[in-house]
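Structure first, commentary second.
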Amino acid sequence: MKNRFITIKTINATGWTLYFILLLVFFSNILSFDKAFYRSFELLLIESAVFYLNALVLMPRLLEKQKYTYYFLSVASLIIFTALALYFIDFHWKPFGDIVYKGRGAYRMLNQDLNGMANTLKGEPDKVIIWRTVLRNTLSLFAIILISIVSRMFYQKLSEEKKRSDLQNENLLSEMKFLKSQVNPHFLFNALNNIYTLVLLKQDSAPAMLMKLSEMLRYMLYECNDDLVPLEKEIAYINNYIELQQLKTEQPQNITTDLRIENSDAMIPPLLLIPFIENSFKHSRIVDTENEWVKIRLSSTEKNIHFEISNSIPAIPIPKDKTSGIGLENVKRRLELLYPGSYSLNISESETEFKVELSIFNRK
């Protein structure tokens, strides 16, 4: 994000450097280099002071508080005062007075050329030079004020955009943590219910089930704090989940898995796929009926991850509870936040099958 915003210091430094160079080139055509340098430096100091006085003092305290009358009076006073100061420096203060005044012949020629009045000045030529110099300085100061207003508005817009961007990133991060945290209690609640049932029934599989749950909790507590985890660890978690499901029945359940991992360094957000798997086991009623099934396929290439899961739909589906669909909605939102425009999710349902296809592509 930092690369997106050019710093105001960089803009200011570049702008004033270029302005000084332009002044130096301009005055070098009518004055010696040392005099041109002093004249350019003088204008740079004075006009930059006017620029920042308007941008950092007058605008925040008057213009942005809608005190328009006071602001325009203050700006007019600033321009008049600075123009008079430049007049004094240009024509009465050493060494700048010598620099400008001794160059008045060049100024006279410049004024004549600009107004088509070559060799026609009459009366008091020195006063003409003075007044035109003062007028030129006044117009220059007015232009500086306008530039400072535009720069202030640009800075405010840039600052507001950065604040909105930072706030959006903070909100997305908070939302991501919230969505991730919702996965853990949801699974834990279901697993504890299952274990509680087995304990009540005094099933021998209860200790093994507790061990699997312990391994899964260790993964969730200590390895899921990162934004991405190795895909192999996520697969190990899924396998533990499947074994946990298998422990619910004495007979093997009709669960088919096909895992093909070509890239061992592939990464994935933790617990991204488990809501889909949990949903399939829940709604297929595979624990209650011998004919129901769940099929899981996962493949990974260097840049892409493709995940498929499908389950049978029982003739008598289970009734939906109040929290039904929360897991799927959470994972959809996580995908939108993590992979905007870089994933495809298709969920289809027929009379006999529910299927989810997820592809995450162009991963860096």
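The values are calculated or read from the model by the stated rules, or taken from the named source; none is laboratory data. This is a predicted model, so every value here is computed, not measured. Neighbour counts are summed over all protein chains in view; Cβ atoms, including those assigned to glycine, are modelled from backbone coordinates with ideal geometry.
Among the residues making up the range 269-288, a single one is without any contact (Cβ under 8 Å) to a residue 40 or more places away in the chain and among the β-branched types (Val, Ile, Thr): ILE277.
Please state which one of LEU328, LEU271, LEU338, LEU358 is within 34 Å of the chain's Cα centre (by Cα), surrounded by 13 or more Cβ atoms within 10 Å (Cβ to Cβ) and modelled with pLDDT of 90 or more. Can you show your working first?
Working: LEU328 fails: modelled with pLDDT of 90 or more; LEU271 fails: modelled with pLDDT of 90 or more; LEU338 fails: modelled with pLDDT of 90 or more.
Within the list LEU328, LEU271, LEU338, LEU358, the selection yields LEU358.
Flag not set for ALA13, criterion: more than 30 Å from TYR155 (Cβ to Cβ), at pLDDT 80 or above and assigned by TED's automatic domain parsing to the domain that holds TYR155.
Yes/no matrix, rows are residues, columns are (1) more than 15 Å from ILE147 (Cα to Cα); (2) more than 39 Å from the chain's Cα centre (by Cα):
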position: THR14; (1), (2): no, no
position: TYR19; (1), (2): no, no
position: ALA36; (1), (2): yes, yes
position: ARG39; (1), (2): yes, yes
position: TYR52; (1), (2): no, no
position: LEU73; (1), (2): yes, yes
position: ILE79; (1), (2): no, yes
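Can we say GLU64 is among the charged types (D, E, K, R), in contact (Cβ under 8 Å) with a residue 60 or more places away in the chain and either closer than 25 Å to SER159 by Cα or not assigned by TED's automatic domain parsing to the domain that holds GLN156 (or both)? So GLU64 does not fit the description; no. Determine which single condition VAL294 fails, assuming it passes every other condition in (1) surrounded by 21 or more Cβ atoms within 10 Å (Cβ to Cβ); (2) modelled with pLDDT under 90. If we test VAL294 against (1) surrounded by 21 or more Cβ atoms within 10 Å (Cβ to Cβ); (2) modelled with pLDDT under 90, just (2) comes out false.
Evaluated against (1) aliphatic (A, V, I, L, M); (2) assigned to a loop (DSSP other than H, G, I, E, B); (3) buried (at least 20 other Cβ atoms within 10 Å of the Cβ), VAL287 falls short on exactly one condition, (3).
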